[in-house]
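Structure, as structure tokens:
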Amino acid sequence: MQQVYKDKFPAWVDFIEDEYDLVLSNDIDSLLSCLLLNQMFGWKIRYFYDFHTLYKAVDDEKDNEQLYIDIDVLNGKGWSNHVTMLNKNSMYNKEIANLNTIFRISRENYTSKYCGSTFLTLLSYYNYPIFLFNDEAEMILLAIDTAFKGYYSADFRRFNYFYLHNVLDFKHLYELQQKHTIDDFYSIINKYKLYAKIHISNNKISSNLPLTQLSELFYLSKELETLINTRFKAIQQFEYVVYDINKANIDLSDVFSFALTHKNTAKYSIQK
């Protein structure tokens with residue numbers, strides 16, 4: 001990542017000697033991001049959050065500060081990529097490492113947003129050697145959260161270029177799109193079931209995602225093996241809301257996590 005943009009991230013992201021308990025969410029972006037952080041820094045995945053329920057690992061280890069991965073909580077530290085601001089003057093959580101808040105992306109300039117994944121942000125920020133990945137793995141990097149879509153639109157290609165080339169310093173990923181059609185990327189999504197969700201079944205992580213295959217592509221198999229053998233228990237319940245912002249203002253007083261999934265649609269969880 002270009003240093004001028006790294007300097008805009010919250011300071012805590014460079015204190016890697018600190019201990020955190022990772023909070024995994026229910027999709028592939030969060031999973032790969034958590035496995036990567038576990039591999040790089042030894043932080044353990046001790047929580048799982050599916051936006052309805054927060055689960056905690058059943059173990060006897062001491063509790064560390066929670067780090068929310070691909071989750072935009074209103075309070076606490078984390079890495080994410082969602083748009084969370086309703087307008088340029090909106091309050092936001094300054095402890096979340098998120099390119100869309102760094103660039104002040106809101107409903108007002110929603111089409112200028114960073115469409116890449118949290119995983120891609122992490123790889124760039126920590127200068128991970130992604131040259132180790134094969135072409136198919138690199139296509140997956142662009143397929144998660146459909147980062148590739150902007151390239152195939154005349155209106156959005158400049159933003160696709162800006163974030164991949166100028167911000168993340170992944171020029172070769174931008175050029176990879178030039179070698180493929182949009183259908184090639186949708187084929188990758190289908191092949192690896194990238195839209196599939198993660199859930200808890202019999203107190204353990206479960207998914208229709210080809211977890212082993214994906215973890216092998218990114219050299220994260222050891223970390224995955226530990227995760228799938230971890231047992232979890234529910235510790236907190238939430239009300240999950242999908243809301244049309246055009247209807248009325250949102251009361252954020254009891255909101256735990258919040259994101260705009262489309263310009264006029266908010267998804268958030270309320271603490272019970």
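The values are calculated or read from the model by the stated rules, or taken from the named source; none is laboratory data. Keep in mind it's a predicted model, so treat the numbers as computed, not measured. Cβ sites come from the backbone with ideal geometry, for glycine too, and all protein chains shown count toward neighbours.
At-a-glance table
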| read-out | value |
| --- | --- |
| Close pairs from the stretch 3-31: first over 29 Å from I205 (Cα atoms), partner loosely packed, with under 13 Cβ neighbours inside 10 Å, Cβ under 8 Å, at least 6 apart | P10/K94 |
| Flag for L224 being surrounded by 14 or more Cβ atoms within 10 Å (Cβ to Cβ), farther than 21 Å from N81 by Cβ, in contact with a helix residue (DSSP H, G or I) (Cβ under 7 Å, 6 or more places away or on another chain) and touching a residue at least 24 places away in the same chain (Cβ under 8 Å) | yes |
| Selection from the stretch 56-76 of residues that are in contact with a strand residue (DSSP E or B) (Cβ under 6 Å, 6 or more places away or on another chain) and under 15 Å from T230 (Cβ atoms) | K56, A57, V58 |
| In the stretch 110-129, residue nearest to N100 (Cα to Cα) [restricted to those that are polar (S, T, N, Q) and assigned to a loop (DSSP other than H, G, I, E, B)] | S117 |
| Top-ranked residue of the stretch 69-84 - restricted to ones that are in contact (Cβ under 8 Å) with a residue 60 or more places away in the chain and surrounded by fewer than 22 Cβ atoms within 10 Å (Cβ to Cβ), ranked as farthest from K171 (Cα to Cα) | L74 |
| Every residue from the stretch 146-160 that is more than 18 Å from T181 (Cβ to Cβ) and modelled with pLDDT of 95 or more | R158, F159 |
| Counted residues, the stretch 123-146 - those being hydrophobic (A, V, I, L, M, F, W, C) and surrounded by fewer than 21 Cβ atoms within 10 Å (Cβ to Cβ) | 5 |
| Residue within the stretch 213-220 that is surrounded by fewer than 14 Cβ atoms within 10 Å (Cβ to Cβ), out of contact with any strand residue (DSSP E or B) (no Cβ under 6 Å at 6 or more places or on another chain) and under 23 Å from S117 (Cβ atoms) present | yes |
| Test: residue in the stretch 237-245 that is without any contact (Cβ under 8 Å) to a residue 12 or more places away in the chain and either surrounded by fewer than 19 Cβ atoms within 10 Å (Cβ to Cβ) or in contact with a Ser or Thr (Cβ under 9 Å, 6 or more places away or on another chain) (or both) | no |
| The stretch 69-95, residues that are part of a strand (DSSP E or B) and more than 16 Å from Q271 (Cα to Cα) | I69, K77, G78, W79, V83, M85 |
| L194 vs. criteria modelled with pLDDT of 95 or more and in a helix (DSSP H, G or I) | no |
| Candidate set from the stretch 11-45 (those that are part of a helix (DSSP H, G or I) and among the acidic types (D, E)); member that is nearest to Y195 (Cα to Cα) | D29 |
| Positions within the stretch 167-183 being surrounded by 14 or more Cβ atoms within 10 Å (Cβ to Cβ) and more than 27 Å from N127 (Cα to Cα), in sequence order | I182 |
| Test: residue in the stretch 40-55 that is under 17 Å from L224 (Cα atoms), surrounded by fewer than 23 Cβ atoms within 10 Å (Cβ to Cβ) and in contact with a helix residue (DSSP H, G or I) (Cβ under 7 Å, 6 or more places away or on another chain) | yes |
| Any hit, the stretch 174-191, residues being among the hydrophobic types (A, V, I, L, M, F, W, C) and free of Cβ contacts under 8 Å to residues at least 40 places away in the same chain | yes |
